[in-house]
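A quick write-up on the structure given underneath.
Derivation of every value follows stated rules applied to the coordinates shown; laboratory data play no part. Just so you know, these numbers come straight off a predicted model, no measurement behind them. With ideal geometry, Cβ positions are generated from the backbone for all residues, glycine too; neighbour counts draw on all protein chains shown.
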Amino acid sequence: MVKIPKEVMDLMAAKETTKLVVSSTKDGKPHAIIAGSIGAPAPDTVVVGEVLMKKTSANLKENPNAEIVAVAGPKAYSIQVKAKSRLTEGPELEGMNKALAAFNLKAGAVWIFQVCSVHDQGAGPNAGKKLA
């Protein structure tokens, strides 16, 4: 089981971090969006609230492989993930919507991802280095 290193977990949790979801169609056409609803409730799991992400959700339904990118200043990490499930009810969605209410947003679902690998993509000598 691949786990996100602590320094990556910390960066993902920081408010100043920009986070993206990169999905692709079944035939490999990429699609990237900025998503503030990305979180890592455990080192082996990433969650994304489905807010205004019609194309991304359609892509994930036909191709479960995706990438999460977290960037803050010169620090950047890439997390390759695989969609495990899409929840349209339950405590995960309720918790996500509670957090999103502060931004006057609401998720229609929560995507749950398994972490496959983690790479340093920052501006430095470790760029491209596999961390997990």
Quiz prompt | Odd one out for Val46, checked against (1) more than 20 Å from Glu7 (Cα to Cα); (2) under 11 Å from the mean Cα position of the chain (by Cα) | solution = (1)
Quiz item: In region 100-131, how many are part of a helix (DSSP H, G or I) and free of Cβ contacts under 8 Å to residues at least 24 places away in the same chain?
Solution: 2
Self-check item: Identity of the residue in region 63-80, without any contact (Cβ under 8 Å) to a residue 60 or more places away in the chain and more than 10 Å from Ser23 (Cα to Cα), that ends up surrounded by the fewest Cβ atoms within 10 Å (Cβ to Cβ)
Solution: Pro74
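Got a number for residues in region 48-71 being under 16 Å from His119 (Cα atoms) and touching a helix residue (DSSP H, G or I) at 6+ places or on another chain (Cβ under 6 Å)?
Taking region 48-71 and keeping what is under 16 Å from His119 (Cα atoms), we get 65-71.
Narrowing further to those that are touching a helix residue (DSSP H, G or I) at 6+ places or on another chain (Cβ under 6 Å): 70.
Qualifying residue count for the region: 1.
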